[in-house]
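*Asks:* One structure coming up, written as structure tokens, with questions to follow.
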Amino acid sequence: MNVRPRINRWTESRRDLIFSSSIKSSLVQPHFVVEGDGVDKEISSMPGIKRQSVDILLKTIRSDMEIGITSHMLFAVIDSHQKDGKATIASSDKMHLQDAVRRLKEEYGDKIVIMTDVCLCTATDHGHCGIIDHDHRISNDATIDELCKIALSHAKAGADYVSASDMMDGRINSIRQALEQNGYTSTGIMSYSVKYASAFYGPFRDAADSSPEFGDRNSHQMDYRSGYEEAILESMEDQNEGADILMIKPAIAYLDVVRKVKDKVYRPVAVYNVSGEYSMIMNSFDGKSRDSVIIEILNSFKRAGADVIVSYHSRDILSRNLLG
Ligand SMILES: [Zn+2]
């Protein structure tokens, strides 16, 4: 079975995230998770966002849950000595990210929605999103095998949605089959369906330590000069392969694409309000004018058709109850 519409209805917290029309319910807070104890380190290019070890992350998410943030996206940050050419560590059940998922699910059960990033770039020593072949190119199908292992490990830990951010062709179908074959029939897939090769990702690569050592990501991420047809094609492919949520990334510069895709697909649409967009606002505005700009931008995502909004602004906005 490729499509299981019940996945998005599985828990009340998933239903609130996806089907509520309010901006507050649509927000997802991203987190960067490192190994160790007591780590709570600011990311200089992203004011207010930190790298945290699991013990500190649990405290952060406890206070987030208290202010109404129930959906969380976790990214693993991995020490360089643990990286290799195949991102082997990323699919280890003993990894700190999987540990965080297990502990959060133990504490909150169905009250929390946990999304986990599934890609190779944070765990490869060359920083690329896939397995590199002898021509220094990313091998699509060899990469998919590794992505399936990572997705299964996250599903086993209890993730609500595995979030495939790699942009390999056909990976949603393979991840869906792997989940089915291993009995994870309520685990959702959020697909980064329309992900552009964008200069707006700069601060994130500092945060996740995932910059490629050579070359770029132009052979798998989309060309921003491409038309709506390719965005719709990628989204339809992922929809047919079994994605439960389709994402467009970045957000602010691509709201026209969000609307075009939303009008064509039958699955919920997410936007990722990326690190460069976040830093741009944080560095350009202060006080009340910053708040107003953020609220205006969040409204533009909804108007364009986003059901789910992944944003680094979530905590700040909800902690001061600015959405009413
Ligand atoms: Zn990647």
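Read-outs throughout are calculated quantities, based only on the coordinates presented, and are distinct from any laboratory measurement. Quick caveat, the model's predicted, so the values are computed rather than measured. Cβ sites come from the backbone with ideal geometry, for glycine too, and all protein chains shown count toward neighbours.
*Asks:* Just to confirm the filter: which GluC sites (Glu not before Pro) across the range 156-258 are DSSP coil and have at most 12 other Cβ within 10 angstrom of their Cβ?
*Replies:* Here the GluC sites (Glu not before Pro) that fit, given the DSSP loop and packing criteria, are GLU213.
*Asks:* Would you mind classifying the range 5-318 by shape? Square roots of the alpha carbon gyration tensor eigenvalues, ordered a ≥ b ≥ c; an a/c under 1.5 is rounded, otherwise it is prolate if a/b is larger than b/c and oblate if not. Intermediate results must be reported in sequence, preceding the final value.
*Replies:* Numbers: a/c = 1.17, a/b = 1.09, b/c = 1.08.
Note, shape of the range 5-318 comes out rounded.
*Asks:* Test of the criteria: in the range 158-240, which chymotrypsin sites (Phe, Trp or Tyr not before Pro) are in a DSSP loop and have at most 11 other Cβ atoms within 10 angstrom of their Cβ? Before the final figure, lay out the partial values.
*Replies:* Values: sites: TYR161, TYR184, TYR192, TYR196, PHE200, TYR201, PHE204, PHE214, TYR224, TYR228; in loops: TYR184, PHE214, TYR224.
Answer in residue order: PHE214.
*Asks:* Roughly how far apart, in whole Å, are the Cα centres of the range 180-195 and the range 261-324?
*Replies:* 25
*Asks:* Also, I was wondering about something else. In whole Å, how far is the Cα centre of the range 13-55 from that of the range 122-171?
*Replies:* About 22 Å separates the Cα centre of the range 13-55 from the one of the range 122-171.
*Asks:* So what are the ³J(HN,Hα) numbers for the range 113-128, from phi and the Karplus equation (6.51, -1.76, 1.60; θ = phi - 60°), rounded to whole Hz, Gly and Pro as x?
*Replies:* Calculated HN-Hα couplings, in order: 10, 10, 10, 10, 6, 10, 7, 9, 5, 6, 10, 8, 5, 8, x, 8 Hz.
*Asks:* Taking the Cα centre of the chain as origin, work out the dipole magnitude from +1 charges on Lys and Arg Cβ and -1 charges on Asp and Glu Cβ, in debye rounded to 20. Provide the component values of the computation, followed by the final result.
*Replies:* Numbers: 39 positive and 47 negative charges, 219 e Å.
That gives the chain a dipole magnitude of about 1040 debye.
*Asks:* Under 19 Å from a label point 7 Å along Cα→Cβ of ASP169: give me every residue in the range 127-141 with its amide N that close.
*Replies:* Taking a point 7 Å out along Cα→Cβ of ASP169, the residues of the range 127-141 whose backbone N falls under 19 Å are 129-141.
*Asks:* Which of LYS264/LYS302; LYS83/LYS149; LYS149/LYS260 have a Cα-Cα distance over 26 Å?
*Replies:* Exceeds cut-off: LYS149/LYS260.
*Asks:* Only helical DSSP H runs with n ≥ 4 go in: add -39500 (n - 2.57) per run for the chain, normalise by residue count and round the 222 nm mean residue ellipticity to 500 deg cm²/dmol.
*Replies:* -12000 deg cm²/dmol
*Asks:* Right, here's the next one. Taking trypsin sites (Lys or Arg not before Pro) as exposed when DSSP calls them loop (any state but H, G, I, E, B) and at most 11 other Cβ atoms lie within 10 Å, what is the longest stretch of the chain free of them, the sites themselves excluded?
*Replies:* 95-224
*Asks:* Right, another one. State whether the range 192-324 is rounded, prolate or oblate according to the following rule on the C-alpha gyration tensor (a ≥ b ≥ c being the square roots of its eigenvalues): a/c under 1.5 gives rounded; otherwise a/b larger than b/c gives prolate, and the remaining case gives oblate.
*Replies:* Because a/c hits 1.5 or more and a/b fails to exceed b/c, the range 192-324 counts as oblate.
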